[in-house]
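Notes follow the structure.
The values are calculated or read from the model by the stated rules, or taken from the named source; none is laboratory data. Predicted, not measured: the structure shown is a model, and the values here were computed from it. In this analysis, Cβ positions are derived from the backbone assuming ideal geometry, glycine residues included, and neighbour counts consider all displayed protein chains. Surface areas here come from the heavy atoms of the whole protein model, side chains and all, with no ligands, DNA or RNA. Shrake-Rupley method; radii C 1.70, N 1.55, O 1.52, S 1.80 Å.
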Amino acid sequence: MSVAFVDQVPGDLSELEVIADVLGQGRTSRLYKSLVKEQKIAVQAVTFPGFPGQKFQTGLICFAIPVKGKTGYDMEEAVYVEIDKLVEEGITAEELEAVKQRTRADFIRGLRGNGGMASQLAWYQTYTGDWRNLFKEVEEIEAVTLEDVKRVAG
């Protein structure tokens, strides 16, 4: 397994969440498509913000699990190729809109039922200090621009 870590710029968590989504969350992400589907050198490739935790300033972590015969070094090299491409080129308007759409859908799904709502409110109270921040996340992601993503990625 290989891990790449990217430092967070203070105050740019929403942009970092967009970058993580485009780069390595789900089967349509850049890392999954490149490493798993196209190159067939990994069985999984994932990126998420909030490493080592989300209560304080954190970063972005990328990791990939190699197929038999490949090494962590192979994963590291391939992950950095995708990171460098994102830094140089940014993301597309379509990728940004897809992230925003998933964010809205995830917000709605997260509030299904009393248990989901209680879990979300407790998480936001614990990690952000105010349960009301739950209702700000969607608008913060909605406010992210292509230029913001390129700036933070850089």
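Quick look at the values:
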quantity: Residue in the range 114-125 that is surrounded by 13 or more Cβ atoms within 10 Å (Cβ to Cβ) and within 24 Å of residue 149 (Cβ to Cβ) present; calculated: yes
quantity: Condition check for residue 98: hydrophobic (A, V, I, L, M, F, W, C), at pLDDT 95 or above and under 27 Å from residue 42 (Cα atoms); calculated: yes
quantity: Residues within the range 86-102 that are free of Cβ contacts under 8 Å to residues at least 60 places away in the same chain and surrounded by 15 or more Cβ atoms within 10 Å (Cβ to Cβ), tallied; calculated: 1
quantity: Residue ID - nearest to residue 152 (Cα to Cα), chosen from residues in the range 19-48 that are within 8 Å of the chain's Cα centre (by Cα) and small (Gly, Ala, Ser); calculated: 20
quantity: Close pairs (7 angstrom Cβ cut-off, 6 or more residues apart or separate chains): more than 20 Å from residue 100 (Cβ to Cβ) in the range 120-144, aromatic (Phe, Trp, Tyr) and open to solvent by 70 Å² or more (accessible area, probe 1.4 Å) anywhere; calculated: 121/131; 125/131
